[in-house]
1. Is there a residue being touching a Pro at 6+ places or on another chain (Cβ under 7 Å) and at pLDDT 95 or above anywhere in the range 173-181?
2. Out of Asp93, Asp86, I need the residue that is of a type in the set (D, E, K, R), surrounded by fewer than 20 Cβ atoms within 10 Å (Cβ to Cβ), in a helix (DSSP H, G or I) and in contact with a strand residue (DSSP E or B) (Cβ under 9 Å, 6 or more places away or on another chain). Which one?
3. State all residues of the range 130-170 that are farther than 22 Å from Asp182 by Cβ and hydrophobic (A, V, I, L, M, F, W, C); if no residue qualifies, say none.
4. List pairs: first residue in the range 248-276 and more than 23 Å from Pro293 (Cα to Cα), second residue among the aromatic types (Phe, Trp, Tyr) and crowded, with 21+ Cβ neighbours inside 10 Å anywhere in the structure, Cβ distance under 9 angstrom, at least six positions apart or on different chains.
5. Return only the number of the condition from (1) closer than 25 Å to Phe233 by Cβ; (2) at pLDDT 95 or above that Val7 does not satisfy.
6. Out of all the residues in the range 98-114, is one or more of a type in the set (Asp, Glu), modelled with pLDDT of 95 or more and part of a helix (DSSP H, G or I)?
7. Mind counting the residues in the range 203-246 that are in contact with a Leu (Cβ under 9 Å, 6 or more places away or on another chain) and in a loop (DSSP other than H, G, I, E, B)?
8. Could you tell me which residue of the range 269-293 is surrounded by the fewest Cβ atoms within 10 Å (Cβ to Cβ), considering only residues that are in contact with a Gly (Cβ under 7 Å, 6 or more places away or on another chain) and assigned to a loop (DSSP other than H, G, I, E, B)?
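The values are calculated or read from the model by the stated rules, or taken from the named source; none is laboratory data. What you see is a predicted model, and the numbers here were worked out from it, not measured in a lab. Here the Cβ is made from the backbone with ideal geometry for all residues, glycine too, and neighbour counts use every protein chain on show.
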Amino acid sequence: MPEGEGVPHLLDLETPAERDALAIRSGIDNQYWLYTRRNPHHAQTLIHNSVKSIWASNYNGAAPTKVIVHGWTGSGNSSMNPLITDAFLAVSDCNVIVVDWNSLASRCYTTAVLGVPDVGEYLGNFLIWLFDIAGGDWNELHLVGFSLGAHVVGNAGRTASGRPGRVTGLDPALPLWCKNPDRLGTDSAVYVEIIHTDGGVLGFMKPIGHVDFYPNGGTNPQPGCWCSTCSHFRAPELFASSVKNNHFVGHRCANLIAASIGYCQGETLQMGNDDMDKRRYGLYGLTTGASWPF
């Protein structure tokens, strides 16, 4: 399993969870870092139940809000966060909230998996409080999560009763999640979109969203990649590029087999981007390049 910056890490899925780490509510250590066009590179920390932290920040309740959540062993400083943050701010005057849950994500994988629902619940309750205190439009809330972070935003969306306008799952983590009832699903938001890039190994292959995209078959190797780690991390890169350029056009696939071999000739739909009005169902395939902007 890759670490926060894509370095492979040997993983034993039978390692006992560190119960001491779960004895307290895991999500209580979440940090929420705000970026806007007024502070695109220097975060302002928003603190749950601290009204002062909100009024002292550049948060704008009238603007769309984007939330980005890293995966296992990642942090708020992981490279995917500025990549996606910069893309959002380039196309929209919005609030971007980067969630740092490294306190739990840095633990062994089995421990992190068990703590994901609580991290997501804390995030969901934070957003409910933030919108109640400072304003916010649920229809303009876009939650983006990578790997384990995809399941975090899934739980956050359910905590908010499925009100977020959109959730994007970036190659949602597969190990220990296949039959896990706490995984990301269509009950997490009005519209749930999945981008599969390492299906069947580190990420899900089967469809779990309203719309599931399978770039280059949705599996390893992605163009320019030679291992599952690279293919897994391609998902946030493709998403960031899609937000900036909106150039990935998927064609609807008849079924999962067609998606996996790239034989998709149906109606078209843009993959990724920041469109909050997307509403569609089904599986979509497309091809990309091997390097930015892909």
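1. No; the residues of the range 173-181 include none that is touching a Pro at 6+ places or on another chain (Cβ under 7 Å) and at pLDDT 95 or above.
2. Going through Asp93, Asp86 in turn, just one is of a type in the set (D, E, K, R), surrounded by fewer than 20 Cβ atoms within 10 Å (Cβ to Cβ), in a helix (DSSP H, G or I) and in contact with a strand residue (DSSP E or B) (Cβ under 9 Å, 6 or more places away or on another chain): Asp86.
3. The answer is Leu130, Phe131, Ile133, Ala134.
4. Once the first residue is more than 23 Å from Pro293 (Cα to Cα) and sits in the range 248-276, its partners that are among the aromatic types (Phe, Trp, Tyr) and crowded, with 21+ Cβ neighbours inside 10 Å give Cys253/Tyr214; Cys253/Tyr284; Leu256/Tyr214; Gly266/Tyr284; Glu267/Tyr284.
5. Result: Val7 fails condition (2) only.
6. no
7. Counting residues in the range 203-246 that are in contact with a Leu (Cβ under 9 Å, 6 or more places away or on another chain) and in a loop (DSSP other than H, G, I, E, B) gives 8.
8. So the residue we want is Ser291.
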